[in-house]
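These notes concern the structure reproduced below.
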Amino acid sequence: MDLIDAIKTRKSIRAFKPDPVPGEVLRDLLEIAVRAPSWANSQPWEFAVLGGGVVEQVRKAILQKAAAGAAPYSDIPWPEFPSPWLDRIKNNGRRLFEVLGIRRDDVEKRRWWSLQGPGLFGAPNAIIFYLDRSLTAWSLFDLGLLAQNVMLAAQHYGLGTCAQAALVRYPDVLRRILNIPDSKKIVVGISIGYPDWDAVPNTHQSDREPLDVLVRWHGFE
């Protein structure tokens with residue numbers, strides 16, 4: 001797939017087919033993704049790649065906590081967004097709920113949807129990204145570049161992805177199941193698998209702000 005096409009067509013996938021991604025495909029994908037730039041080639045990222053019974057164990061444990069109403073206590077502080085960023089979040093959520101046919105007053109369906117993320121949207125595989133706690137925000141930026149590489153390269157293999165804070169909201173669960181030491185800061189998870197393009201959630205397309213809202217041009221006529 002052409003890189004520009006991959007950037008334009010990438011979207012968060014919220015419904016996956018059950019078919020697992022072969023380990024060799026995930027290995028090839030990560031071999032490509034680690035070509036991401038990093039501060040002085042420090043390559044600060046580390047991964048846990050989940051499949052089979054392990055991904056099901058993680059899914060069940062996260063869902064259990066989420067269904068019980070446990071508040072997030074992730075290693076990266078849970079964000080609070082003021083306007084205009086909050087307005088963009090609310091607008092996207094409103095449009096997604098319209099696609100899903102979930103009314104504002106439908107408490108049961110809203111609760112059901114709130115548990116789809118902790119359930120990895122049914123993805124058969126996931127990748128958990130973490131850093132050593134001694135590293136700074138620059139390494140966090142580097143990890144973001146790496147994660148974007150993963151999500152773009154995934155499309156070459158016919159895969160879909162969804163970057164999710166929901167997967168790392170209870171880091172003790174991941175440390176216990178995946179044997180990740182406390183010296184590591186668990187940053188983000190990516191659900192990955194073959195998209196179910198017939199599923200309603202995957203018909204949603206988020207919008208983007210007009211470029212002129214975001215960019216100031218300097219030195220141009």
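Observations on the model:
- Look at the dipole of the chain built from charges on Cβ: of Ile186, Ala126, Ser74, the Cα furthest out on the positive end belongs to Ser74.
- Remark: the Asp28-Asp87 segment gains 17.4 nm on full extension, using 0.36 nm per residue and subtracting the alpha carbon distance.
- Set of lysines near Lys184 by C-alpha distance (under 27 Å), chain-local residues within fewer than 8 positions excluded: Lys60, Lys65
- Charge dipole (Cα centre; +1 on Lys/Arg Cβ, -1 on Asp/Glu Cβ; no other charges) of segment 3-204 amounts to roughly 540 debye.
- Fewest-first sequence of Asp5, Asp75 by Cβ atoms within 10 Å of each Cβ: Asp5, Asp75
- Rounded if a/c under 1.5, otherwise prolate or oblate - segment 117-215, Cα gyration tensor axes: oblate
- Per DSSP, loop GluC sites (Glu not before Pro) in segment 10-105 with at most 11 further Cβ within 10 Å: Glu80
- Sites Asn41 and Arg104 - FRET efficiency at Förster radius 35 Å, r taken between beta-carbons, to 0.05: 0.10
- For the options Asp106, Asp28, Asp132, a Gaussian network treatment of the chain with springs between C-alpha atoms closer than 10 Å singles out Asp106 as fluctuating the most.
- Beta bridges assigned by DSSP with both partners in the chain are antiparallel in approximately 95 percent of cases.
- Rounded to the nearest 20 debye, the dipole size of segment 177-221 about its Cα centre is 340 debye, using +1 on the Cβ of Lys and Arg and -1 on the Cβ of Asp and Glu.
Every read-out reported here was derived from the displayed coordinates using simple, explicitly stated rules and does not represent laboratory data. The structure presented is a predicted model; accordingly, all values stated were derived computationally and were not measured. A quick note on method: Cβ atoms are made from the backbone with ideal geometry, for glycine too, and the neighbour counts reach across all protein chains shown.
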